[in-house]
Amino acid sequence: WPPDGQKLAYTTARFTYGGGAKAAINMIDIHSGASAGTSLRPTPVLSLSGLGGPICWAPDGRLIYSISEVRPRQLDSNLFFNRLNSRNEVEGPPVRLTNDQGAVFSVSVSGDGKRIIYTKGVPEPDVYVGTLDNSGELSEPQRLTLDDRQDLPFDWTSDGKQVIFISDRTGTFSVYKQAMGQRVPDMVVGGAQPVAEPRLSPDGSQLLYVVYPNWEDSKYEVPLMRVPVAGGAPHEVARANWISNHQCARAPATVCVYSVVRDKDVSFYTFDPFKGTGSKIFELKDELSQLY
């Protein structure tokens, strides 16, 4: 809300690969659509790449908002502001307020406009392992990954002894495997580009994963790759804009499926880890297909 309480400012954006699309701050006059059935007409205030959701209108007229940092700090965001004139038009370029680690979740300003309170966070999920007994009870989970980075599990090795997960402990997401009691994991797939979704082929011999293009890459073709779990050279299985997920059934079944996200639909295809794409089996039409 602005100081006079007569308007409302809000952010809007369309989700895209890597968050590279421009977002905007719009404004509506709460009295312009007071009659029944009349829509409020938004007025654009500013449009920026990396604009986040949290915004606040300070008592002195400053519009405060968050912007994502450029690579390699693309997961961090910080606060900026612009002053608005009497016509609620932006004056001058954005002015930086903060420059610290983490993503801004919320922001507010004190009543006298002298203090800003904001919440930031740096996610550090870890991998835990628990045991299910015959009744379905889960034992006390034991922490597997001992670092303070992002660790996300996806599968087990076929012998059930090692967890397959991704971690950004080197700065870029890579694939690792680790057994309980093992303090340092073994890297399975690494490189300059982030990889994700490591899952096994039906027979457990191949590790399937996707390679994500650089953040904000307009040509976000995502390759689905395979590499022998025992070690060897990777091979491309399929490629599309963009492959969002994949998984195979366990032997003796041989079915594998991946999904492709487009602007207004999500499509599912069968594939063979060694022969590539099979056939399209299903399609979902949705304006918010990127959120599946």
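Amide H to amide H distances under 5 Å link Val237 with Leu224, Met225, Arg226, where only residues 5 or more positions off or on other chains count and H is placed in the peptide plane. Arg226 exposes around 40 Å² of accessible area when a 1.4 Å probe is run over every protein chain in place. Between the listed residues Val211, Ser244, Ile30, the Cα displaced farthest toward the positive end of the dipole of the chain, a dipole computed from Cβ unit charges relative to the Cα centre, is found at Ile30. The residues packed around Gly130, meaning those with a beta-carbon under 14 Å from its beta-carbon, carry a net charge of -3 if Lys and Arg are +1 and Asp and Glu are -1. Residues whose amide H lies under 5 Å from that of Trp242, counting only those 5 or more places away or on a different chain, are Val261; hydrogens are built 1.01 Å from N in the peptide plane.
How much net charge surrounds Lys264 when only the other residues with a Cβ under 11 Å from the Cβ of Lys264 are counted, with Lys and Arg +1 and Asp and Glu -1? Net local charge, Lys264 excluded: -3.
Provide the net charge surrounding His235, with neighbours chosen by a C-beta distance below 15 Å and charges set as Lys +1, Arg +1, Asp -1, Glu -1. Local charge sum for His235: +1.
Here's the picture: charge each Lys and Arg Cβ at +1 and each Asp and Glu Cβ at -1 in region 47-186, and of Ser110, Gly61, Pro125 the one pushed furthest to the positive end of that dipole is Gly61. Starting from the Cα gyration tensor of region 20-137, take the square roots of the eigenvalues, sort them a ≥ b ≥ c, and report rounded, prolate or oblate (rounded when a/c is under 1.5, otherwise prolate if a/b is larger than b/c, else oblate). Since a/c reaches 1.5 and a/b is larger than b/c, the shape of region 20-137 is classed as prolate. Short-range pairs are left out: with C-alpha atoms under 8 Å and at least six residues apart, the relative contact order of region 177-281 is 18 percent.
Among His235, His246, the sequence by solvent-accessible area, most first, with a 1.4 Å probe is His235, His246.
Toward the positive end of the charge dipole of the chain, with +1 on the Cβ of Lys and Arg and -1 on the Cβ of Asp and Glu, the farthest Cα among Leu152, Val90, Gly231 is that of Val90.
Eigenvalues of the alpha-carbon gyration tensor of the chain, scaled by 5 and square-rooted, set the equivalent ellipsoid semi-axes at 44, 24, 18 angstrom, largest first. Working note: Karplus 6.51/-1.76/1.60 with θ = phi - 60° gives region 272-284 the couplings 10, x, 9, 10, x, 5, x, 10, 6, 10, 6, 9, 10 Hz, where Gly and Pro are set to x. Shape class of region 175-275 from the Cα gyration tensor (axes a ≥ b ≥ c, square roots of the eigenvalues): oblate, since a/c reaches 1.5 or more and a/b does not exceed b/c. The charge dipole of the chain, taken about its Cα centre with unit charges on the Cβ atoms of Lys, Arg (+1), Asp and Glu (-1) only, comes to about 640 debye. Reported to the nearest whole Å, the Cα centre-to-centre distance from region 152-220 to region 45-111 is 35. Simple point charges give the picture: +1 on the Cβ of Lys and Arg, -1 on the Cβ of Asp and Glu, and for region 46-93 a dipole about the Cα centre of about 60 debye. Magnitude of the charge dipole for region 42-193, about its Cα centre and with charges confined to Cβ atoms of Lys, Arg (+1) and Asp, Glu (-1), is about 680 debye.
The values are calculated or read from the model by the stated rules, or taken from the named source; none is laboratory data. From a predicted model like this one, the values you see are computed outputs, not experimental measurements. Backbone-built Cβ (ideal geometry, glycine too); neighbour counts: all protein chains shown. These area figures cover heavy atoms from the full protein model, side chains too; ligands, DNA and RNA do not enter into them. Shrake-Rupley method; radii C 1.70, N 1.55, O 1.52, S 1.80 Å.
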